[in-house]
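Undergrad: I'd like to ask some things about the structure below.
The values are calculated or read from the model by the stated rules, or taken from the named source; none is laboratory data. In this text the structure is predicted, and so the values were computed from the model without any measurement. With ideal geometry, Cβ positions are generated from the backbone for all residues, glycine too; neighbour counts draw on all protein chains shown.
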Amino acid sequence: MKICYIVAMQAEAQPFIEHFGVKEVKDFFAPLPCKLYRSILSEDNGGTELNIVLNGQQHGSDLVGCEAASVATLVAIQKINPDIIINSGTCGGFKSEGASIAEVFIGNGAMFHDRRVPGDDAWGTQALGNYPVWEGSEALAKKLGFKMGKVTTGSSLDMQPCDEKIIHENGGQLKDMEGAAVAFVCSLFQKPILFVKSVTDLCDSGAETFEEFSKNLAAASEALKKANVKVIEQLTVNN
């Protein structure tokens, strides 16, 4: 079984990389900035191969957002051909929905919240996306004791009133900058996608988003590591 993680930031992936001792495969995606870390976790039942793909960096900072995530997902599918894609990363949550800092969620759907395309229902449907997730997501969440939430994706860290309106009208609970873009590419290749998200900031807390994100990034990334260890154990057992 080939498992492929798509992760935006090095800080989000590093605790997980260190836990499994996954080694970087240099220049695997050259000339693209994407980075690959790979390890064979198990030889049983045909073997379990763990791939962690990062968007990479440009101008000295991690490439976040939909464009970079789409590129990373596309080349990962083309060059690795994984059995499942896992988009793991941090996100915003909503206090009104019961979210708390460093709490881990499994996604039960993915959509865009900032693609406001006027026109008929077909244009609007395409703009929102509303992509399905891996069919085993709910069972996995129950097994591991994680809440589920709908991932909504936009290209900005902040949230405008029109974005918030779309999120709430469509049952969104987790706000990120990559998830729906990864799901879009997976839908083109019919690859199953699993979301594992950890909350860094509460969108409705009144706090400044970037300050809250920066303050809680380390704790949320550590929670991600612990969650992903459990996820990998379950996928390996079920392989």
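Undergrad: Give the residue that is farthest from residue 118 (Cα to Cα), with candidates limited to residues of the range 129-162 that are surrounded by fewer than 19 Cβ atoms within 10 Å (Cβ to Cβ) and hydroxyl-bearing (Ser, Thr, Tyr).
TA: Among those that are surrounded by fewer than 19 Cβ atoms within 10 Å (Cβ to Cβ) and hydroxyl-bearing (Ser, Thr, Tyr), it is 156.
Table: residues versus (1) in contact with a Leu (Cβ under 7 Å, 6 or more places away or on another chain); (2) at pLDDT 95 or above; (3) not in a helix (DSSP H, G or I).
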residue	(1), (2), (3)
165	no, no, no
183	no, yes, no
191	no, yes, yes
200	yes, yes, yes
215	no, no, no
226	no, yes, no
230	yes, yes, no
235	no, no, no
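Undergrad: Within the range 67-78, is there a residue that is exposed (fewer than 15 other Cβ atoms within 10 Å of the Cβ) and at pLDDT 95 or above?
TA: yes
Undergrad: Within the range 146-163, track down each residue that is of a type in the set (S, T, N, Q) and part of a strand (DSSP E or B).
TA: Passing the criteria: 152, 153.
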